[in-house]
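Note sheet for the following structure.
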Amino acid sequence: MGKAEPGNIKAVKGILRWFELISGLKTNFNKSVLYSCCVSEEWRRMAAANLNCKSGEFPFTYLGMPIGDSMCRRKPWIPVIDNFNKKLAVWKAKSLSIGGRLTLLREKNEEQRLKEVLMSEIVLSSQPDQWSWNVDAANGYSVGKAYSMMVGQSRILEARICKKIWNKLNPTKVSCFGWRLLLNGLPTKSNLQKRGILLEEEESICSVCRRNVEDENHLFAQCNKIQELWMRCYKWWGISISLPNSISLLCEAHSQGIKKVVSADVWFFIFLVVTWSIWYTRNKIIHNS
C-alpha cells in the first residue's frame, strides 16, 4: 500500500497498532503474509521482516479462490472445479437411494476383489518386467477367465439369482428387499435380538403365528400360516409341489421356473412379490396392530 519506502512500512504497522488499541482485536503477524507488486524480492523480504510476517508471491489462493492469476485461462480454475466436484460427490452420495447405494457399493467391492485377484497372480523376478497370467499362461489373460476365477463354481447359482433380483422389470424397493432377504439383512426379531435391540425372549416371537422365534426361515417358509399362503398361491397357478423349509431352498426353487406352466423370470417375480407382501403385512401387524 503506497510507495515502496520504509516510512510506509512504519505507517502500516502504526495503523494496525491503533486498530488493535481501539477495537481490542490483535493482528497476528505470524499468520499474516505480505504481497507486493513492481518491487524487488529483496525489498519485499525486508519489509516482511520489519512487519514480523511472511513474504508471499503471486498467484496465491484465498478462501479457495486463486488471486493474482489470469482468470481467462483454464489452469487457475482447475482447483476450483476440483473442489466443486468433491462437494458434489458428497452431496450425491447423501441423496442416493438404498438401491443406488447398494449398486455403488457392489461395484466398488467387485473392483477391489478384481484388483486383489489380478495382483495376486503377478510374478516378481530379476528378469525384465512383463505381465504374466499363471491361470492360463499359454493363452494369456481374458476378462471371462478372470470372472470365472472370481466367481467360482460355488457362486454360479448366487450370480444367477442376483441377476434375477436386479432385473430392471422389478421395482427398485422390491429388488433391495430381495437382496437383503438373501443376505439375512432384514431386521427380523431374531436379528434385532442379536444386535441387542430386543432384550426379552418374548419380544422375539413371530408376530404371525405367536409360537416360534421369528427369523427369516420361519417367517417366510416355516410359519404354518405362511405355508398356507404359499400353498394357496401354488394352487391358484395349478401347481402341486412340496414347500421347502428354508428361504434359500425356496428361492432356488423359484429361480428355475416350471416348464409349460410359468417362465423362470415370472416364477421368481412371484417369489419376490409374495415375500414382499409377507414382510409388508408383518410390519403392519407390529406397528399398526
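Need one number: nm distance between label points at K13 and K26, each 7 Å from Cα along Cα→Cβ, rounded to one decimal.
1.7
Which residue, S175, S240, S23, has the most motion in a Gaussian network model of the chain that connects Cα atoms within less than 10 Å?
Its mean-square fluctuation being the largest, the pick is S23.
Rounded if a/c is under 1.5, else prolate if a/b beats b/c, else oblate: with a ≥ b ≥ c from the C-alpha gyration tensor eigenvalues square-rooted, which is region 154-229?
Verdict is prolate for region 154-229.
What residue among W91, W267, W279 has the largest mean-square fluctuation in a Gaussian network model of the chain, using Cα springs under 10 Å?
Answer for the Gaussian network model of the chain: W91.
Work out, step by step, the length gained on full extension between F58 and E201: first 0.36 nm times the residue separation, then minus their alpha carbon distance; give nm to one decimal.
Taking 0.36 nm per residue and subtracting the Cα distance, the gain is 44.4 nm.
Need the full-extension length gain, K173 to I258, defined as separation in residues times 0.36 nm minus the C-alpha distance. One decimal, nm.
Length difference between fully extended and current span is 28.0 nm.
Over the alpha carbons of region 6-57, what is the largest minus smallest coordinate on each principal axis, giving the biggest first in Å?
Largest to smallest, the principal-axis extents are 34, 22, 15 Å.
Test of understanding: in a Gaussian network model of the chain with alpha carbons linked when under 10 Å, which of I197, I278, I258 would top the mean-square fluctuation ranking?
I197
For the chain, just run the numbers: alpha carbon Rg, then divide by 2.2 N^0.38 Å, N being how many residues it has.
1.79
No value in this document is a laboratory result; all are computed from the given coordinates. Everything numeric here is computed off the predicted structure, so don't read it as measured data. In this analysis, Cβ positions are derived from the backbone assuming ideal geometry, glycine residues included, and neighbour counts consider all displayed protein chains.
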